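Please treat every number below as a calculation from the coordinates, not as lab data. No experiment lies behind these values; they were computed from the predicted model shown. Cβ atoms come from the backbone with ideal geometry, glycine included; neighbour counts cover every protein chain shown.
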Amino acid sequence: MAQQLDGTVALVTGASSGIGQATAQALAAHGAAVALAARRTERLAQLAAEIRAADGRALVIETDVADKTQAQAAVAHTVAELGRLDTLVNDAGVGNLGPILDAALDEWERMIQVNLLGLLYTTHAALPHLLKAAQDSPRQVADLVNISSEAGRTASSDDGVYAATKFGVGAFSESLRQEVTRRHVRVAVVEPGAVATEIGSHMPEKERQAYLQRVAGIEQLAAADIADAIAFLVTRPRRVAVNEVLIRPTEEA
């Protein structure tokens, strides 16, 4: 039986772990050929092998989306090797939490470079291909999914700059949605609450402990829960656009 995304190509950034990895697996299971973009190529290679073992197609692309040239090259490489681009999932992101007072500016800069500029770079490069796919593919629709956060809705103490980047993702996505929706490129923002991923492992120890304390005592979401939502978004009929999804753990207040 034909899969819902047969004949389509998806590019997933941040695909080496967490939500990006789970999303790549989900889209491949629905029939898409998947380009896997991240910095950790050994993890991408393992993921690609798993997808291929399940009769899927996968392409490994070593990419740091914070580098404009690399982000643009990832899109170009996807189209050159897989022939088209129907879906872009911007998942690459970093979250260094902590107080604004006396913060390390290099941590702020990295969050802005990855969470916001990286997403802008890949989106800018992908848009011509998404518009083409919406026009000439059998499905006659293409999808851009940007991973934000519940912090992109409500800022809290100790996540000021992280929240600023995620608010920016939401604003950019809504503006772009209005610009391209009549050309059948659907733009969606997914805003997860607490998800059991590697996000805490990238933080300084003090901030990591504060984050762990924040999520202690609740059953966090799994990365697969978010991937399932993304797969739902991009497999809707052409007439249906789900533009914003907030997903929290049931136990999160």
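Things worth noting here:
- q = 0.10, 0.13, 0.17, 0.19 Å⁻¹, region 103-253: log10 I(q)/I(0) [Debye, one scatterer per Cα]: -0.40, -0.65, -1.03, -1.21
- For region 136-189 versus region 76-113, the gap between their alpha-carbon centres in whole angstrom: 13 Å
- Here Rg and Dmax of the Cα atoms in Å was calculated from the structure, and among (i) 16.8, 46; (ii) 17.3, 58; (iii) 19.0, 63 it sits at label (ii).
- Of the DSSP H helices in the chain, those with a Cα length along their own long axis of 20 Å or more and a mean Kyte-Doolittle hydropathy reaching -1.0 comprise 68-82, 119-136, 160-180.
- Size of region 1-128: Rg and Dmax of its alpha carbons, in Å, are 15.2, 58.
- When the helices of the chain are scored as -39500 (n - 2.57) per DSSP H run of n ≥ 4 and the total is divided over every residue, the value at 222 nm lands at -14000 deg cm²/dmol.
- Peptides 222-232, 101-111 ranked from most to least packed, by the mean per-residue count of other Cβ atoms within 10 Å: 222-232, 101-111.
- Since only LEU116, ALA10, ASN146 are under comparison, the one whose Cα sits farthest along the positive direction of the charge dipole of the chain, derived from C-beta charges on Lys, Arg, Asp and Glu, is ALA10.
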